[in-house]
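Heads up: the structure comes next, in structure tokens.
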Amino acid sequence: QVQLVESGGGLVQAGGSLRLSCTASENSLGFTAMGWERQAPGKQREVVARITSSGITDYADSVKGRFAISRDNVKSTVYLQMNSLKPEDTAVYYCVADQGWQSYWGQGTQVTVSS
């Protein structure tokens with residue numbers, strides 16, 4: 001069973017930055033893609049960013065130009081650098097890893113952006 005452990009969430013003022021990290025219990029080279037999803041109170045979970053094993057990235061329109069996803073396969077870790085944060089970015093952020101047809105999620109880390 002793959003385990004994903006997120007860290008880096010917290011409280012930040014609007015315009016600030018945070019970097020989320022997610023470390024997998026297995027070699028991340030085995031994952032076809034890794035990424036981040038988020039869920040705000042009362043809203044559906046949405047995909048924020050994804051990165052494939054070959055390094056191709058994709059972002060939600062709402063975060064393009066502000067967030068950057070990267071992965072370090074040596075450390076089996078995926079990162080989400082979040083800049084110019086807005087109050088609407090407030091949510092629980094979940095790491096996700098795709099291994100073939102199977103997906104795994106972490107427990108989530110809270111990000112709160114104050115106005």
Query raised in the report: Label-point separation (nm) for Lys86 and Thr57, each offset 7 Å from Cα along Cα-to-Cβ?
Result: 1.9 nm
Query raised in the report: Given a 1.4 Å probe and every protein chain left where it sits, what share in percent of the accessible area of the chain is carbon and sulfur?
Result: 48 percent
Query raised in the report: In nm, to one decimal, how far is the modelled label at Gln99 from the one at Val2, with both set 7 Å along Cα→Cβ?
Result: 0.6 nm
Query raised in the report: Taking +1 at the Cβ of each Lys and Arg and -1 at the Cβ of each Asp and Glu, which of Gly35, Thr112, Val5 sits farthest along the dipole of the chain towards its positive end, judged by Cα position relative to the Cα centre?
Result: Thr112
Query raised in the report: Once the whole set of protein chains is in place, how much accessible area is left on Ser114, using a 1.4 Å probe, in Å² to the nearest 10?
Result: 40 Å²
Requested in this report: Quick one: grab Rg to one decimal and Dmax as a whole number for the chain, Cα atoms only, in Å.
Outcome: 13.2, 40
Query raised in the report: Where Lys and Arg each count +1 and Asp and Glu each count -1, what net charge lies around Trp36 among other residues with Cβ under 12 Å from its Cβ?
Result: 0
Query raised in the report: Excluding ligands and nucleic acids, what accessible area in Å² is computed for Ile56 using a 1.4 Å probe, to the nearest 10?
Result: 110 Å²
Query - Reach of Lys64 by Cα under 17 Å, taken over lysines that are not fewer than 8 positions away in the same chain - result: Lys86
Report summary line: For the chain, percent of DSSP beta bridges that are antiparallel (nearest 5) comes out at 90 percent
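The values are calculated or read from the model by the stated rules, or taken from the named source; none is laboratory data. Quantities reported herein were computed from a predicted structural model and do not represent experimental measurements. Methodologically, a virtual Cβ is constructed for each residue, glycine included, from the backbone with ideal geometry; neighbour enumeration extends over all protein chains shown. Remember, those area values only see protein heavy atoms, side chains included, never the ligands or the DNA or RNA. Shrake-Rupley method; radii C 1.70, N 1.55, O 1.52, S 1.80 Å.
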